[in-house]
């Protein structure tokens, strides 16, 4: 299969499956979701999609490093109809005090930018990159410049404010 060949990709996905009733994108996402659920990374819980819409996933992110490791954060991953040729969007539905996450919850994550996206990128790679980003903010590509500046100029104050924000808005971590 040639890189970027939508026709070839659809043929690969649909061949050999007699009970395939989903469009190729949805079928692929249902398989990938099942695979991820079977081997859930330690930093994720409650990964699911509603049966009616496998192109929208929900998960609970459990960051590993302070100040975010005090709580957990709900995520929504939206896959476009032309996935994997276009990247998903990742949104925090729990508020988070982070330079790479906008006020609306949308994440600036290089792996899913239009310039860097590859149809061969798996969702598990996107989620791993997100986990790394939350634990180690990327000050080179901030969405919230004021938080990036604060983290650069006064890391202690940033961590104190992020801790308070996390305790106020974060979700209790499952045991």
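Tabulated data
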{"quantity": "Test for residue 84: is it at pLDDT below 95, crowded, with 18+ Cβ neighbours inside 10 Å and not in a helix (DSSP H, G or I)", "calculated": "yes"}
{"quantity": "The one condition in (1) surrounded by fewer than 15 Cβ atoms within 10 Å (Cβ to Cβ); (2) free of Cβ contacts under 8 Å to residues at least 60 places away in the same chain; (3) within 15 Å of the chain's Cα centre (by Cα) that residue 101 fails to fulfil", "calculated": "(1)"}
{"quantity": "Yes/no for residue 138 being part of a helix (DSSP H, G or I) and farther than 18 Å from residue 73 by Cα", "calculated": "no"}
{"quantity": "Which numbered condition residue 158 misses (of (1) surrounded by 15 or more Cβ atoms within 10 Å (Cβ to Cβ); (2) part of a loop (DSSP other than H, G, I, E, B); (3) touching a helix residue (DSSP H, G or I) at 6+ places or on another chain (Cβ under 6 Å))", "calculated": "(2)"}
{"quantity": "Selection count, segment 121-142, where residues are within 16 Å of the chain's Cα centre (by Cα) and in contact (Cβ under 8 Å) with a residue 24 or more places away in the chain", "calculated": "15"}
{"quantity": "Filtered residue count, segment 42-81, keeping only those that are in a loop (DSSP other than H, G, I, E, B) and either at pLDDT below 95 or exposed (fewer than 15 other Cβ atoms within 10 Å of the Cβ) (or both)", "calculated": "8"}
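Residue by residue, here is whether (1) assigned to a helix (DSSP H, G or I); (2) modelled with pLDDT of 95 or more; (3) in contact with a strand residue (DSSP E or B) (Cβ under 8 Å, 6 or more places away or on another chain) holds:
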residue	(1), (2), (3)
12	yes, no, no
16	no, no, no
20	no, no, no
104	no, yes, yes
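The values are calculated or read from the model by the stated rules, or taken from the named source; none is laboratory data. In this text, all values refer to a predicted model and were calculated from it rather than measured experimentally. Cβ: placed from backbone, ideal geometry, glycine included. Neighbour counts: every protein chain shown.
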